[in-house]
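**Student:** Mind having a look at this structure? Questions to follow.
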Number of protein chains: 2
Amino acid sequence: MPQIRNCRIAGYGTYLPEHVVKFGAQTRYRVSEDESQLGMLTAAARDALDRAGIKAEDVQCIIGASAAGIQPIPCTAALVLEQLAPFGVAAAFDVNSTCTSMITALDIASRYIADGTYESVLITAGDVGSRFLNPEQAESFSLFSDAAVAFVLTATDDPAQGVVASTQRTWAAYAHDTEIRGGLSRSPAQMYADSDPADYLFDMNGRSALRNMLTVLPEFLAKFLATSGLSLEDMSLVIPHQASPAITIALRRIGIPQEQYIDWVADIGNMVSASVGYVLAKVLEQERVRRGDTVMLFGTAAGLTANALVLRL
Amino acid sequence: MPQIRNCRIAGYGTYLPEHVVKFGAQTRYRVSEDESQLGMLTAAARDALDRAGIKAEDVQCIIGASAAGIQPIPCTAALVLEQLAPFGVAAAFDVNSTCTSMITALDIASRYIADGTYESVLITAGDVGSRFLNPEQAESFSLFSDAAVAFVLTATDDPAQGVVASTQRTWAAYAHDTEIRGGLSRSPAQMYADSDPADYLFDMNGRSALRNMLTVLPEFLAKFLATSGLSLEDMSLVIPHQASPAITIALRRIGIPQEQYIDWVADIGNMVSASVGYVLAKVLEQERVRRGDTVMLFGTAAGLTANALVLRL
């Protein structure tokens with residue numbers, strides 16, 4: 001069993017746009033004209049800092065964990081820091097593994113906290129998926145919500161608290177199941193007029209993405225639990241990435257009973273990088289999980305990437 | 001003095017486009033039509049893997065450390081992994097602190113190696129700055145080169161080898177000195193026709209960037225050395241980010257003698273995220289530094305961000 005990386009969630013915060021779009025029984029949230037990715041991330045971060053009782057000026061590190069950031073330069077973390085504390089000074093960088101970026105950031109942050117480099121790390125995650133959706137792809141157009149989530153991770157004196165185990169894998173063979181091809185070096189915006197406009201929008205091959213997710217995920221999780229010396233029975237709650245309505249199929253195949261995991265896809269949709277964190281923040285708020293409980297966060301992302309992380313609260 | 005994070009550079013690789021552009025005595029390298037960021041990163045990575053004697057299929061983690069990536073989704077690391085090993089499986093994620101992304105990635109990778117999570121991590125860095133340059137901004141237009149660099153970091157049995165100390169800070173007050181505002185959520189490519197085209201290009205306020213860099217850098221480095229129990233005399237070589245011809249002024253102010261650091265700005269320009277790593281790879285190739293030597297990498301980036309990292313080879 002790997003050594004626990006001691007840290008604790010000292011605060012969490014969320015932001016959900018008010019504007020609701022319904023697709024049949026599916027509820028989605030989308031930004032209005034006066035809302036932005038930066039505004040959502042900043043609001044979630046303020047909420048998390050308030051709960052943690054930490055001033056923005058005192059945060060030692062901020063990690064931006066969005067799938068698509070605010071602008072190519074500088075990094076999203078620097079722009080959020082500017083909003084929180086115009087004269088703030090902190091380590092600031094972005095981490096990107098698309099929909100599971102928040103898990104990757106938590107994994108990285110836990111190392112910086114556990115080894116004493118930083119006493120506090122603020123992680124922000126969130127995307128405005130609606131900016132990039134293609135109305136001609138009904139499946140993805142009706143799937144995504146805009147949202148943001150933030151966590152303040154701090155040191156802890158409790159030797160049982162922290163990241164118990166974590167893992168991450170990308171299967172390159174499935175790199176093109178889910179893409180936004182345009183906007184950066186491959187097809188910069190200047191080429192927009194001469195390109196296929198769809199190249200600049202979200203492009204998901206839903207059938208292929210589902211098939212490949214079902215191919216890799218059960219074995220990935222089984223191996224993770226085995227090498228970590230953990231079992232599903234150790235988990236107070238399992239929080240999968242709310243990727244699509246198909247998570248029910250995936251979790252049945254993995255053998256996780258319905259009462260042990262959260263499926264809010266109908267109510268909140270796929271929140272891209274905010275997805276897993278948003279659910280974690282809400283179950284903490286609802287006191288559905290408490291200090292001492294063990295939660296497993298996991299999910300798949302474009303790449304095809306899978307992340308899993310077990311956290312003792 | 002912080003504990004050394006044991007790891008070693010098992011291989012390095014570089015890619016420089018053949019096409020040369022001269023601005024007076026300044027030499028710059030720019031991609032041709034048939035070259036791309038993905039191609040450059042992949043070539044540098046193959047070079048690094050060859051030197052390390054590690055097959056692409058055996059790399060356990062790949063970190064993409066570019067300022068602006070290939071496409072918004074999936075991450076650059078996943079796309080490079082696909083080129084290196086079409087059926088490859090490895091952890092893959094991106095890390096972004098603009099021009100110093102490679103140092104941030106090295107800092108993160110050293111933690112994963114030192115704690116035994118991975119035996120090998122491949123880091124790729126590199127940008128096609130020329131894709132984003134504004135011909136109307138003479139200073140930046142004549143400053144950048146396109147290039148890529150890669151390192152294979154592995155575990156080591158030598159307790160003296162590895163990252164001796166590292167630090168990173170962002171000063172939010174200077175977040176807008178250096179920007180590319182368009183291409184992602186703030187101004188997606190779809191808005192290009194209705195936007196200021198300059199918003200999608202590199203925008204540097206050179207005077208402000210220089211003044212702020214000179215304001216923060218000397219104190220940043222002095223504090224880093226003091227808290228790490230290190231002094232400039234410990235360094236076999238200092239490798240600053242080749243930001244601009246002004247690095248001479250900055251290094252004089254910091255008090256680093258000319259013979260102790262590398263200034264190749266006239267010959268290679270600012271290679272964005274590849275800059276520091278490219279110089280490190282070249283001095284390793286030239287055997288100007290060898291096993292047992294201590295090198296300090298540092299630089300400033302958009303953010304305004306500063307990184308420093310001391311590596312015992």
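The values are calculated or read from the model by the stated rules, or taken from the named source; none is laboratory data. Small disclaimer: the values here were computed from a predicted structure and weren't measured. No Cβ is skipped: glycine too gets one built from the backbone with ideal geometry, and neighbour counts run over all protein chains shown. Ligands, DNA and RNA are stripped out before the accessible areas are found, and what is left, the full protein with its side chains, is counted by its heavy atoms. Shrake-Rupley method; radii C 1.70, N 1.55, O 1.52, S 1.80 Å.
**Student:** I need the chymotrypsin sites (Phe, Trp or Tyr not before Pro) found in the range B:1-105, filtered to DSSP loop residues with at most 12 other beta carbons within 10 Å of theirs.
**Tutor:** B:Phe87
**Student:** Provide the percentage of antiparallel DSSP beta bridges, counting only those with both residues in the range A:163-312; round to the nearest 5.
**Tutor:** 75 percent
**Student:** Now for a different question. Restricting to chain B, compute how many DSSP beta bridges are antiparallel as a %, nearest 5.
**Tutor:** Details: 39 of 53 bridges.
Around 75 percent antiparallel, to the nearest 5.
**Student:** Compute the label-point distances linking B:Asp263 to its equivalents in the other copies; points lie 7 Å from Cα along Cα→Cβ; give nm, one decimal, shortest first.
**Tutor:** Distances to the matching label points in the other copies: 6.5 nm.
**Student:** Accessible surface of B:His176 in the full protein assembly, 1.4 angstrom probe, to the nearest 10 Å²?
**Tutor:** About 80 Å², rounded to the nearest 10.
**Student:** Something else now. With the cut-off at 26 Å, tell me which of the pairs A:Lys55/A:Lys282; A:Lys22/A:Lys282; A:Lys223/A:Lys282; A:Lys55/B:Lys223 have Cα atoms farther apart than that.
**Tutor:** Numbers: A:Lys55/A:Lys282 22 Å; A:Lys22/A:Lys282 21 Å; A:Lys223/A:Lys282 29 Å; A:Lys55/B:Lys223 23 Å.
Long pairs (Cα-Cα over 26 Å): A:Lys223/A:Lys282.
**Student:** Label chain A by shape, choosing from rounded, prolate and oblate, from the square roots a ≥ b ≥ c of the eigenvalues of the Cα gyration tensor; if a/c is under 1.5 it is rounded, and otherwise prolate applies when a/b is larger than b/c, oblate when it is not. If you can, show how the numbers build up before the last one.
**Tutor:** Details: a/c = 1.56, a/b = 1.13, b/c = 1.39.
It comes out oblate by the Cα gyration axes.
**Student:** Okay, moving on. Let me confirm one metric for peptide A:300-312, namely the mean number of other chain beta-carbon atoms within 10 Å of its residues' beta-carbons. Please report the intermediate quantities before stating the final value.
**Tutor:** Values: counts 0, 5, 5, 10, 4, 7, 1, 2, 0, 0, 0, 0, 0.
Whole-number average of other-chain Cβ neighbours for A:300-312 is 3.
**Student:** For chain B, which longest stretch is free of loop sites, where a loop site is one of the GluC sites (Glu not before Pro) that DSSP puts outside H, G, I, E and B and that has at most 12 other Cβ atoms within 10 Å?
**Tutor:** B:137-286
**Student:** Can you give me the solvent accessible area of A:Thr215 with a 1.4 Å probe, rounded to the nearest 10 Å²?
**Tutor:** Roll a 1.4 Å probe over it and A:Thr215 shows about 80 Å².
**Student:** For chain B, what does the helix formula give at 222 nm: sum of -39500 (n - 2.57) over DSSP H segments with n ≥ 4, over the residue count, nearest 500 deg cm²/dmol?
**Tutor:** On the way: 8 runs with 89 residues, N = 313.
Mean residue ellipticity at 222 nm (helix-derived): -8500 deg cm²/dmol.
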